[in-house]
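First up is the structure itself, then whatever we jot down about it.
Bear in mind that the values in this text are calculations on the coordinates, not laboratory data. Remember, predicted model here, so these are calculated numbers, not experimental data. So basically every Cβ, Gly included, is an ideal-geometry build from the backbone, and we count neighbours across all protein chains shown.
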Amino acid sequence: MAPPSVSVVVVAHDMARELPRTIGSLAAPYQQGLTEGDHEVIVVDNGSAEPVPLSLLDDVGVPGTVLRVDDAPPSPAQAANLGLARAEGALVGLIIDGARMASPGLVATARRAAGVAPDPVVAAHGWHLGPARHMEAAEIGYDQAVEDDLLQSIGWPTDGYRLFEVSTLAGSSGRGWFGPMGESSALFLPRPTWEELGGLDEAFSMPGGGLVNHDLLRRACDRQGAELVVLLGEGTFHQIHGGAATGRRFSWDEMHADYEQLRGCRYRPPQQPPIYVGGVPPAAVGQLAESVRLAQRRLGRSVSSSAAGSPQG
């Protein structure tokens with residue numbers, strides 16, 4: 001059998017509630033625009049107290065592998081690198097947080113995006129399910145039970161794009177589709193690029209990895225000749241589960257101090273203008289409008305002033 005064209009590596013730790021939904025969002029036929037054998041899913045269990053069952057991938061309709069790191073370190077970097085080494089696809093995507101559900105065109109659009117540049121860095125933005133970022137969710141009474149009801153209210157997984165209707169931009173994607181992103185919630189690179197980078201830097205040893213995923217995007221984009229390709233109309237959606245960052249176990253200042261110690265400088269998102277690939281499904285029009293508003297605010301322009309100068313009819 002020919003190898004898949006795309007591999008997706010997912011890292012999980014103690015996500016018995018969230019991981020099945022994430023894997024379901026990567027399954028066939030939920031992932032659109034793909035044919036049988038086009039992609040594989042590799043789940044790496046980073047030392048969960050209750051091991052991820054091997055049966056998790058039995059009914060997803062795509063080739064799959066479950067790996068486990070026993071006596072795992074607190075950071076997911078080692079587990080991610082284990083999964084990346086196992087990947088067989090020419091294009092390899094990493095979802096470092098197994099609580100992130102994918103939009104239905106994520107994999108197919110990433111594959112298409114990888115073909116628009118000689119040395120692509122294909123990046124997807126991230127959202128948090130619910131009306132607030134999960135660092136502030138407890139303050140408004142948003143918890144797992146509320147989230148379960150929210151997903152039921154949109155009939156997930158019947159139309160996965162409806163996740164855009166009930167989500168809030170994650171902090172690292174807080175500038176919207178048209179601003180620099182701090183990290184990519186799902187990063188796709190050609191396999192040789194992963195080898196060139198050496199995967200994630202395992203020196204980022206904080207629980208949750210600190211800014212290891214931010215560092216990955218920055219290193220990928222800083223290579224000479226690299227071109228950032230941003231997926232429009234696709235992304236991932238974080239389920240609330242009390243992670244190291246979203247559960248407020250560590251502040252941005254603590255994670256940034258760790259980054260500064262390792263890199264000797266402050267973290268700054270990649271600044272190169274991206275190439276955009278994708279379309280905007282109807283359910284994501286509101287997110288598109290928000291991204292435009294954020295971009296106009298950064299440019300010091302208002303929606304009303306732009307509209308006043310536009311032709312009528």
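The table below gives the values:
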{"quantity": "Ranked list, fewest to most other Cβ atoms within 10 Å of each Cβ, for 39, 256, 241", "calculated": "256, 241, 39"}
{"quantity": "Rg(Cα) / (2.2 N^0.38 Å) computed for region 6-306, rounded to two decimals", "calculated": "0.93"}
{"quantity": "Estimated vicinal HN-Hα couplings, Hz - region 161-174 in sequence order (Karplus 6.51, -1.76, 1.60; Gly, Pro = x)", "calculated": "5, 5, 4, 4, 6, 10, 10, 10, 4, 5, x, 5, 10, x"}
{"quantity": "Cα gyration tensor shape of region 121-235, rounded if a/c is under 1.5, else prolate or oblate by comparing a/b with b/c", "calculated": "prolate"}
{"quantity": "Value of [θ]222 nm, deg cm²/dmol, for the chain, DSSP H segments ≥ 4, -39500 (n - 2.57) each, nearest 500", "calculated": "-7500 deg cm²/dmol"}
{"quantity": "Ranking of 101, 135 by count of other Cβ atoms within 10 Å, fewest first", "calculated": "135, 101"}
{"quantity": "Ranked list, fewest to most other Cβ atoms within 10 Å of each Cβ, for 191, 218", "calculated": "191, 218"}
{"quantity": "Antiparallel content of DSSP bridges confined to the chain, in %, to 5", "calculated": "30"}
{"quantity": "Euclidean distance of C-alpha centroids, region 6-57 and region 74-90, integer Å", "calculated": "13"}
{"quantity": "Selected from 20, 48, 151, residue furthest toward positive end of dipole (the chain; charges at beta carbon)", "calculated": "151"}
{"quantity": "Point-charge dipole on Cβ atoms (K/R +1, D/E -1) for the chain, about Cα centre, debye to 20", "calculated": "1240"}
{"quantity": "For region 159-189 versus region 256-279, the gap between their alpha-carbon centres in whole angstrom", "calculated": "15"}
